[in-house]
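One structure below.
Computed from the coordinates by the stated procedures, all read-outs in this text should not be read as laboratory data. Because the structure is a prediction, the values reported are computed rather than measured. A quick note on method: Cβ atoms are made from the backbone with ideal geometry, for glycine too, and the neighbour counts reach across all protein chains shown.
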Amino acid sequence: MMIDGIISQGTGHMDKAIVALKNEMNKLRSGRAHPSLLEHVMVDYYGNPTPISQVANITVEDPRTLGITPWEKNLVPAIEKAIMKADLGLNPATSGSIIRVPLPIMTEDRRKEMIKLVRHEAEQARVSIRNARRDANGAVKDLLKAKDISEDDERRAEDRIQKLTDKYVKEIDDILARKEKDLMEV
């Protein structure tokens with residue numbers, strides 16, 4: 001039925017909003033070391049910007065230190081430069097062919113700033129979810145106007161769309177709560 005197509009399209013848009021939110025949350029640093037912090041760092045690899053994870057092994061040495069082992073020793077300076085350029089506030093230190101990235105301790109002000117940023121990202125995701133709901137409801141109304149569905153079908157479809165919206169907004173709230181908790185841990 002046409003309504004199922006509209007709802008599955010809306011679900012697709014809402015899924016994308018959740019994926020985008022999770023990606024943004026991974027970029028935002030909590031107090032603990034995690035390889036995903038460097039996920040978006042691009043290294044100049046023979047003239048091509050390449051994700052750091054494709055030219056080196058990233059490990060967590062301890063809760064505040066990442067260890068990076070390049071697959072080619074000549075990449076050490078390029079990886080250091082890429083981390084500095086990424087503007088993450090990290091200062092890599094090299095010993096031999098291993099690059100260690102100590103994470104600075106987060107101050108109370110920095111934590112509050114990060115929480116504001118996290119809440120902003122969550123709100124952006126909620127807006128995307130609501131836009132998907134609006135588009136789906138609009139498509140259902142168009143079907144009603146074209147007399148392709150009855151008013152009862154419209155009401156049922158809008159209820160399904162609202163339930164879907166509520167489910168995704170709850171997921172955003174859960175992701176936000178986890179990230180805030182993570183940021184407040186010292």
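Structure summary
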item	result
Extension reserve of the residue 159-residue 185 stretch, reckoned as 0.36 nm per residue once the Cα distance is removed	5.4 nm
The chain: relative contact order in percent, alpha carbon pairs under 8 Å with at least 6 residues between	26 percent
Förster radius 22 Å - calculated FRET efficiency between residue 42 and residue 123, Cβ distance, rounded to 0.05	0.20
Extension gain (nm, one decimal) between residue 59 and residue 145, 0.36 nm per residue minus Cα-Cα	25.2 nm
Cα-based helix-to-principal-axis angle, 108-145 vs the chain, degrees rounded to 10	30 degrees
Rg over Rh [alpha-carbon atoms, Kirkwood Rh] for the range 1-112	1.14
Neighbour-count ranking [beta-carbon atoms within 10 angstrom, fewest first] of 109, 166, 182	109, 166, 182
Which of 179, 163 has the fewest Cβ neighbours within 10 Å, and the rest in rising order	163, 179
Dipole magnitude (debye, nearest 20) for the chain, charges at Cβ of Lys, Arg, Asp, Glu	320 debye
Packing-based exposure ordering (other Cβ within 10 Å, fewest first) of 126, 110, 155	155, 110, 126
Across 22/141; 27/112; 22/170; 16/141, pairs whose alpha-carbon gap is larger than 26 Å	22/141
The range 35-102: relative contact order in percent, alpha carbon pairs under 8 Å with at least 6 residues between	28 percent
Cα-based convex hull, the range 84-186, per residue volume (Å³, whole number)	151 Å³
